[in-house]
Amino acid sequence: MYDYGQYGSELKKNIRDYWWESMTRLHDNIVGIDAAIFMHPTTWKASGHVDNFSDPMIDNKDSQKRYRVDHLIETYADELEAMGKKEEADTLLSAMDRLLAASDFEGLKKLIEDNKIKCGMSGTANWSDVRQFNLMFSTQLGSVTDETNEIWLRPETAQGIFVNFQNVQKTGRMKVPFGIAQVGKAFRNEIVARQFIFRMREFEQMEMQYFIKPGTQKEWYEYWKHDRMQWHLSLGISSDKFRFHDHVKLAHYADAATDIEFEFPMGFKEVEGIQSRTDFDLKNHQEYSRKKLTYFDTELNQHYLPYVIETSIGLDRTVLMILSEAYLEEDLSTAEKKDSRVVLKFPSKLAPVKLAILPLIKKDGLPEIAREILGSCRAHFRCFYEEKDTIGKRYRRMDAIGTPFCVTVDHQSLEDQTATIRYRDSMQQERIPISRIREIVEKEIF
Ligand code: GAP
């Protein structure tokens, strides 16, 4: 679990808003909802999470450390490969895949023991049996503690969309194809939560379910693959930092699935998943709720259960992607002087602060002019006002939080109503009329 501070939460909000607006405003037929985190427990039976959302785990009896079986074996296979034993590693991994697919837990334990895989903490191979471990967090509804009151914290936001499919369709008179988007917290009892905000137990998802006519799933899947990649590229990140990872082994409910992977400092990893989920979810909710969820297609004069294409992106993971891409240590040394700066080259539309307003000194009427600029801009975008320290130090502080524009008010401003604007990335400065500041910044941030 991580807390975001004042700039992190602004960055996160800007990414969330950018996703929300591009989904709900730039598509005619996608609307947003805000469903509850606690849902009827049967929801998670219907979705398959109660029975299937689990990983085989093994405990080391000496250190008490719990491992995901696949992670433990994969880490050992990596070590074998690093020692030049690639063939041995491949054999091990294919044996693991076979046993996992067959849910052969005894076989998995034997594989770990036969290969003498040890716990990284205790250094022993004293292993428990392999057991399934459900990743959902549970809690009690109401004051009486008994099993019937057990409810789950949602492990994905998607099910809140499925159970609201008919409400949204009927009240909004939506016609297939249409989409429902949602942003919200999800909770998973990840055993190995690691790599900073990449994998967390409490995180935020931005998901969209697109309801379509059965039989059109191939074309809509391709449409959303393209659309979502364009969204990532619109953040100014070069295309060689992304790749698709198409799933070969598909979940039982999917007929196609891919991940959009970004090249993080620790390698290419998933940021977003796109899945063609057939009518699996609606069919199960219909069965478990005993309520018809079919849609009447007036053009075809036919009732059917829509198929679904899902796009699902982790908000925190996107924050990490934007941070990794933006962070730069620049060497600014000249022959005369050593110099460097840390800068976050955020896309202007995502930067936590858009404009810093800096009077050169704290007197001679300069703060008054600077405060007037602040007054004319603060209702339109986030500004930061600062009088303290030299102008060079103030610029560097703004570079470090990724502020794309700084304006400095000096004595010339008193005479000709101009100020100096400084651009974060090029560090170029130019003199502009104060009356144009808002327009220049707004042009870059929307
Ligand atoms: N409804 C589909 C679904 O939940 P998923 O691949 O499990 O699919 C979708 O999750 C996205 O949510 C991932 O691509 C990732 O960005 C994010 N995500 C999943 N688990 C996460 C975790 N433990 N911490 C942070 N982000 C996570």
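Where a number appears in this text, it was derived from the coordinates with a stated rule and is not lab data. Please read all numbers here as calculations on a predicted model, not as lab measurements. Glycine gets a Cβ as well: all are built from the backbone with ideal geometry, and neighbour counts include every protein chain shown.
The table that follows gives values for the structure above.
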| quantity | calculated |
| --- | --- |
| Long pairs among K338/K362; K61/K116; K65/K86; K13/K185; K13/K269; K45/K213, criterion Cα-Cα beyond 20 Å | K338/K362; K65/K86; K13/K269; K45/K213 |
| Among L153, L99, L135, residue whose mean-square fluctuation peaks in a GNM of the chain (springs only between Cα atoms under 10 Å) | L99 |
| Per-residue ³J(HN,Hα) for segment 99-110, Karplus 6.51 cos²θ - 1.76 cosθ + 1.60, θ = phi - 60°, Hz, x for Gly and Pro | 5, 5, 4, 8, 6, 8, 6, 5, x, 5, 4, 5 |
| Eligible aspartates and glutamates near K292 by straight Cα distance, threshold 17 Å, same-chain separation 8 or greater | D279, D281 |
| Residue order, fewest to most surrounding Cβ atoms within 10 angstrom, among R228, R98 | R98, R228 |
| Where GluC sites (Glu not before Pro) fall in DSSP loop in segment 260-333, at most 13 other Cβ within 10 Å | E299 |
| Computed Kirkwood radius, in angstrom, where 1/r is averaged over Cα pairs of segment 231-299 | 14.8 |
| Spacing of the two label points (7 Å from each Cα toward its C-beta) at D3 and K291, in nm | 4.0 |
| Interatomic Cα distance distribution for segment 54-132, bins of 10 angstrom, percent | 20, 55, 25, 1 |
| When the convex hull of its Cα atoms is projected in every direction, mean area for segment 332-445 (nm²) | 7.1 |
| Dipole moment magnitude, nearest 20 debye, the chain about Cα centre, only Lys, Arg, Asp, Glu C-beta charged | 980 |
| Gaussian network model of the chain, springs between alpha carbon atoms under 10 Å - residue of H252, H40, H226 with greatest fluctuation | H252 |
| Pairwise label distance in nanometres, R397 with T75, each label 7 Å out on the Cα-Cβ vector | 4.2 |
| Dipole axis of the chain (+1 Lys, Arg; -1 Asp, Glu on Cβ), positive-most option in A82, W20, G375 | G375 |
| Residue (of N149, Q182, T124) at the positive-pole extreme of segment 98-195, dipole from beta-carbon charges | Q182 |
| Amide N of segment 342-363 lying under 18 Å from the label point, which is placed 7 angstrom from the Cα of S376 along Cα→Cβ | 354-360 |
| Distant alpha-carbon pairs in the chain (separation over 34 angstrom), percent | 48 |
| Order of V50, V308, V163 - criterion: other Cβ atoms within 10 Å of each residue's Cβ, fewest first | V50, V163, V308 |
